[in-house]
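In what follows, a structure is listed as structure tokens, so that the remarks can point back to it.
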Amino acid sequence: MEQVGLSTLDYIIMISYAVIIIGYGLYHAKRKNSEDYFLGGRSMTWPIVGIALFAANISSSTLVGLAGDAYKTNIHVYNYEWFAVVVLIFFSIFFLPFYLKSGVYTMPEFLERRYDRRSRYYFSFITVIGNILVDTAAGLYVGNIVLKLIFPEIDSRLIIIILAVAAAIYTIPGGLNSVVQTEVIQAILLILGSILLTYFAFDAYGGGWSAMMSGLDGMLAEGSVRNVEEMKAAGHYAPATASEAFSMVRPTNDEFMPWWGLLTGVPLLGFYFWANNQFMVQRVLGAKDLNHGRWGALFAGFLKLPVIFIMVVPGVLAILLYHTLDISSLNYYIGTGADKVLCDNLADCPNLTYPVLLFQLLPSGILGLVVAGLLAAMMSSVSATFNSASTLVTMDFVRTLNPQITSKQLVRAGQITTLILVVLASAWVPYIEKVSDSLWSYLQLVISYTAPPAVATFILGLFWKRANGTGSIASLLFGFTFAIIMLLSNVFGWLPALTSIHFLGMATILFVLCLIVHITVSLATAAPPQDVIDEYTYKSSMFSAESAELKALPWYQNYRILAEILLVLTAVVVGMFI
């Protein structure tokens, strides 16, 4: 493969787009008060909420991760995408009404309402750490991959710093509204870019869907898909035909997602990401009312359905097009120090799949626009995590420690926090490849250790009246200690018997252990106050009262009917790949 290069037209488009998107973000800045800055004035309508949720999820890191895992014949990575529909419907029915009714700024603030301040401080702290380790660092990592291919002479650390500062330019002055408004533009461009990339990939291969399946059948029969042979040698399940590779239900010995993981671990990770994670829920908290929040959440779920065709399939086409491509000229290395190795093929460096597709397939002009969109989406995602984390630090720590602080001072505290996060996230990026050689695997691995304690606490808090603050903090601290030990073990090779457990299995085990701790401690200590139970636990009477209200709405405004339609559409799409 020749050294990556962009034309003058591509550079002009990229620079112009960067200037326009930063200017657009600053133009839509809202910072009159803390509600404007952190929640966009709680005035967002459902299309904005839905697109913002989709854009925050389908960021540059997800694009790279989906294509990379699909290159390794793991089409079942789409299970995370379609299952989001189920989670968002559950979230809309049960959790969102409590979040919006309470008027909270953050998820930790809600935990304080249901439990006590101890749970709030813990969850705020762990969420900020997660923002740095997962969302922000992964976004910067992707930007570094792309720009390092274009400018190999520039040191990676400098690239990361430049990207982080660029993302902070409009986040610090503008707040959530600037983030969300730019995310809408990014989402549209990412979708269009993905459609174009899929078109050019099929065009380069010289056939449609059936040709792709036939070609993959041939490669699997010949054993020329390197990763498949490695999976077989390791005793893992490996698809023998294209139809098996495109099946989202895998046997127990599948390395990436056995069938039981789809029923246990995936719902846990999805529930945390969509229903507990400040990074995502903050967009719904900015909705103008409950209906717009629900419609927006369902719209985001609808946008997830085509992902398999325009974002996963290109990774499969990369197997057919570039399985013999020599990429050593890109001078891309994995590992550090004595373990640093030059990548010469995509099988060893799946994170390069999406960038290679871009630079190999897209013509001048379109390439510049799509790369600009990819980098801008990365900055948008990073800026969103900056805003989310600064909201947590400001509202959960600064305001509670100093209740007399003014709204203007809160905004200033959020801006200072963002600057600190820029430094911390940039420092962590080089360690991502030490944890996992696949970006998507890294994201899921970290979340599988951090999500279960939070999910256990939120679910018990809403559906079990006896859950109390002592049980909550005991469960959260137990989960935190367990997660730290496991993450360090993955980095330094400790406890191989535990780290060898599939991460979806580990997520399930940790969730069950946290439930046990929470229930045991709650039963051994005093029950929560009755007013807390009345205000923050779900009762069947709520469903009946809501049913009466929904009868007055036309069907297209009844979120339950819309949810049923969305479930049918999801079943149709998923049914194509079982």
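Every number here is computed from the coordinates shown, using simple stated rules; none is lab data. Quick caveat: nothing in here was measured; it's all calculated off a predicted structure. All Cβ positions, even for glycine, are placed from backbone atoms using ideal geometry, and neighbour counts span all protein chains on display.
Using 0.36 nm per residue of separation minus the Cα-Cα distance, give me the extension gain between L488 and A221 in nm, one decimal.
92.1 nm
Based on C-alpha coordinates, I'd like the Rg and Dmax of the range 345-393, in Å.
Reported Rg and Dmax, both Å: 15.0, 44.
What is the sum of charges, Lys and Arg at +1 and Asp and Glu at -1, for the other residues whose Cβ falls under 13 Å from the Cβ of V128?
Counting the neighbours of V128, the net charge comes to -1.
Using +1 on the beta carbon of Lys and Arg, -1 on that of Asp and Glu, and nothing else charged, what's the dipole of the range 8-575 about the Cα centre, debye to 20?
The calculated dipole for the range 8-575 is roughly 1840 debye.
Of K101/K551; K304/K408; K72/K304, which sit over 26 Å apart, Cα to Cα?
K304/K408
Between S156 and N402, what is the spin-label point distance in nm, taking each point 7 Å from the Cα along the Cα→C-beta axis?
3.9 nm
Compute the acute angle (0 to 90°) between the alpha-carbon long axis of helix 407-428 and the principal axis of greatest extent of the alpha-carbon atoms of the chain; round to the nearest 10°.
That helix lies at roughly 40 degrees to the long axis.
Using 0.36 nm per residue, how much length does the chain from I129 to S43 gain when fully extended, once their Cα-Cα distance is taken away?
Gain on stretching I129 to S43: 28.1 nm.
If the rule is a partner Cβ under 4.7 Å, which cysteines in the chain fail it?
Here C514 come out as lacking a disulfide-compatible partner, given the Cβ-Cβ threshold of under 4.7 Å.
What is the angle, in °, between the Cα long axis of helix 156-205 and the longest principal axis of the Cα atoms in the chain? Nearest 10 is fine, range 0 to 90.
Approximately 50 degrees, to the nearest ten.
Could you work out the longest stretch of the chain that avoids the GluC sites (Glu not before Pro) located in DSSP loops with at most 14 other Cβ atoms within 10 Å?
It works out to 154-578.
Would you order M486, M542, M379 from fewest to most other beta-carbon atoms within 10 Å of each residue's own beta-carbon?
M542, M486, M379
Projected onto the charge dipole of the chain (+1 at Lys/Arg Cβ, -1 at Asp/Glu Cβ, origin at the Cα centre), which of L553, A245, S329 gives the Cα projection farthest towards the positive end?
Working it through, the farthest residue towards the positive pole turns out to be L553.
Positive end of the charge dipole of the chain (Lys, Arg +1 and Asp, Glu -1 on Cβ, about the Cα centre): tell me which of A201, G130, L495 has its Cα farthest that way.
The Cα lying farthest towards the positive end belongs to G130.
Going from the alpha-carbon gyration tensor of the range 458-570, what semi-axes, largest first and in whole Å, does one get by taking the root of 5 times each eigenvalue?
Semi-axis lengths for the range 458-570 are 37, 24, 9 Å.
Under the rule of -39500 (n - 2.57) per DSSP H run of 4 or more residues, summed and divided by the residues of the chain, what mean residue ellipticity at 222 nm is obtained, to the nearest 500 deg cm²/dmol?
-22000 deg cm²/dmol
On a 0 to 90 degree scale, rounded to 10, what angle separates helix 60-71 from the longest Cα axis of the chain?
The angle comes out near 50 degrees.
Between the range 372-430 and the range 69-138, what's the alpha-carbon centroid distance in Å?
A separation of 17 Å, based on Cα centres.
Which listed residue (Q278, L216, M311) has the Cα farthest towards the positive end of the charge dipole for the range 203-314, taking +1 on Lys and Arg C-beta and -1 on Asp and Glu C-beta about the Cα centre?
Towards the positive end, the residue furthest out is Q278.
When we measure straight from the Cα of K465, which aspartates and glutamates land under 16 angstrom away, once same-chain ones fewer than 8 places off are left out?
In chain and number order, the partners are E112, D116, D531, D534, E535.
Using the basic label-point model (7 angstrom from Cα toward the beta carbon), what is the F94 to L419 distance in nanometres?
Here the answer is 4.3 nm between the modelled labels.
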